[in-house]
Amino acid sequence: MRMYDLIERKKRGQRLEGEEIRQIIEGYCKKEIPDYQMSALLMAIWFNGMDEKELTDLTYAMAESGDTLDLSGIEGKKVDKHSTGGVGDKTTLIVAPIAAACGLKVAKMSGRGLGHTGGTIDKLESIPGYRTTIPREEFIRNVNVSGLSVIGQSGELAPADKLIYALRDATATVDSIPLIASSIMSKKLAAGADCIVLDVKTGSGAFMKTEEEAFELARTMIKIGENAGRKMAALITDMDTPLGRAVGNSLEVIEAVEVLKGEGPQDLLEICLELSAKMLELAGLGDEEECRAKAREAVGSGKAFEKLVEMVSLQGGDTEVIKNTQLFKKAEYVYPVYAGKDGYILKMDAEKIGEAAMMLGAGRKTKEDKIDMSAGIILAGKTGDKVAEGEEIAYMYTNITDPDIVSDAEKCLRSAYIYADEKPEKKPLIYKKI
Ligand code: URA
């Protein structure tokens, strides 16, 4: 195999064979293929795409480049969910306990936030003592005992994806559906669940800016998963507006607890019930209606909340802060942000809100940045609400004392809001179910 010839073929829109793809991934991991040749191949894929067989081969090659999680020690149906990421997306903290309360097993590896989007592992680490890195045996034991465990993604899971993702980031080849689909699915296949529900976000705060792109990405990932013998489903959900009212790590954990206690925002609850119902349905616990009723009952009865407490306890976290969220450490300063004019909130740009939260300390610009667990934003007004000029629409939580940074964050946050004279039509939260 000459890498030059493979690049040439892909550049001309011809397909690559499974063995060739496997050798490329192996060669790149062993540093036998240099970055410049891999970059050229990625760009050729960006332009010419991949067919279903190539996609499956690429995903398998990346999944097999490192450890695969052996979940055979866990009894029962193993379910997983994956969100393509967004702002205020704390669904895993709600959906995993609901699924566990309904008898499923959730052995989940999650990621950290970067840029304007948050990550589940950062959110969990805002719970004092919660260990996101535990030995494999303890992870399996925790799932068998409580039905769920959420930990950080090990560097040994699909290491080829880690290397290729960094190269894509530097070569403007991130936004390619075959590359995103194989990247996500390589980690999901390596993580071993039988049933996988995908939450593919679309809108300003998401990777996929249009519904059509999100649909295409979801269909591609479903095909890869089904070819690998997994049960797959996807929801295409809105990420034009942040999910719920809280953006920022401990603020989002508090909101997740509120939802599990039946007190949280309706949009968040609705998406979480749909995602968990899909997990139950894939696992064979009934039809859509029955599964939605089971998910609702898990919240209403308090069983899902108990599952969250159980998981936090098993991972060494302080359960008192979960039972009484007033005990979470608060940010030193809380600044209100006011509406710029009278009218209805027409749009709240999720990406800008995520950026403002990052400026306040809630996120990282680079992987090395440290985050402030108590920083973030609470959105008082949401799309469709009527507001008067000068009314409070959001609160910024921060420990930053530099007034210029706080003022830039406020400007960024205010610029996220667009107002209209007429009440806007309510947009759906869930565009499609696949
Ligand atoms: N998330 C991933 O894991 N990979 C991508 O390529 C994009 C988002």
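The values are calculated or read from the model by the stated rules, or taken from the named source; none is laboratory data. Bear in mind the structure is a predicted one, so any value in this text is a computation, not a measurement. Because the Cβ atoms are built from the backbone with ideal geometry, glycine has one as well, and the counts that use them run over all protein chains shown.
Worth pointing out:
- In segment 30-89, the residues that are small (Gly, Ala, Ser) and either within 30 Å of Glu274 (Cα to Cα) or touching a Cys at 6+ places or on another chain (Cβ under 7 Å) (or both): Ala63, Ser65, Ser72, Gly73, Gly76, Ser83, Gly85, Gly86, Gly88
- Only helices (runs of 4 or more DSSP H) whose full extent lies in segment 1-99 are considered here, and the ones with at least 2 residues that are in contact with an Asp or Glu (Cβ under 7 Å, 6 or more places away or on another chain) are 18-29.
- Subset of segment 159-192 [assigned to a helix (DSSP H, G or I), more than 9 Å from the ligand (Cβ to nearest atom) and small (Gly, Ala, Ser)]: Ala160, Ala166, Ala170, Ala190
- Residue in segment 104-117 that is away from the ligand (no atom under 15 Å from the Cβ) and assigned to a loop (DSSP other than H, G, I, E, B) present: yes
- Subset of segment 272-286 that is surrounded by fewer than 24 Cβ atoms within 10 Å (Cβ to Cβ) and among the aliphatic types (A, V, I, L, M) - its residue that is nearest to Asp122 (Cα to Cα): Leu273
- Inspection of segment 136-155 identifies no residue that is in the same structural domain as Ile94 (by TED's automatic domain parsing), over 23 Å from Cys272 (Cα atoms) and either assigned to a strand (DSSP E or B) or within 16 Å of the chain's Cα centre (by Cα) (or both).
- Evaluation of Glu289 against (1) under 26 Å from Tyr431 (Cβ atoms); (2) surrounded by 19 or more Cβ atoms within 10 Å (Cβ to Cβ) (one fails), failing number: (2)
- For segment 143-176, the set of residues classified as over 17 Å from Glu26 (Cβ atoms) and among the basic types (Lys, Arg) consists of Arg168 only.
- Restricting segment 193-213 to residues that are away from the ligand (no atom under 13 Å from the Cβ) and part of a helix (DSSP H, G or I), the residue that is farthest from Glu52 (Cα to Cα) is Glu211.
Conditions tested, residue by residue: (1) crowded, with 24+ Cβ neighbours inside 10 Å; (2) farther than 23 Å from Gln326 by Cα; (3) β-branched (Val, Ile, Thr).
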residue	(1), (2), (3)
Lys90	yes, no, no
Ala101	yes, yes, no
Ala107	yes, yes, no
Arg112	no, yes, no
Gly119	no, no, no
Leu124	no, no, no
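- Counting only strands (runs of 3 or more DSSP E) wholly contained in segment 332-434, the ones carrying 1 or more residues that are surrounded by 14 or more Cβ atoms within 10 Å (Cβ to Cβ) and without any contact (Cβ under 8 Å) to a residue 60 or more places away in the chain occupy 333-338, 392-398.
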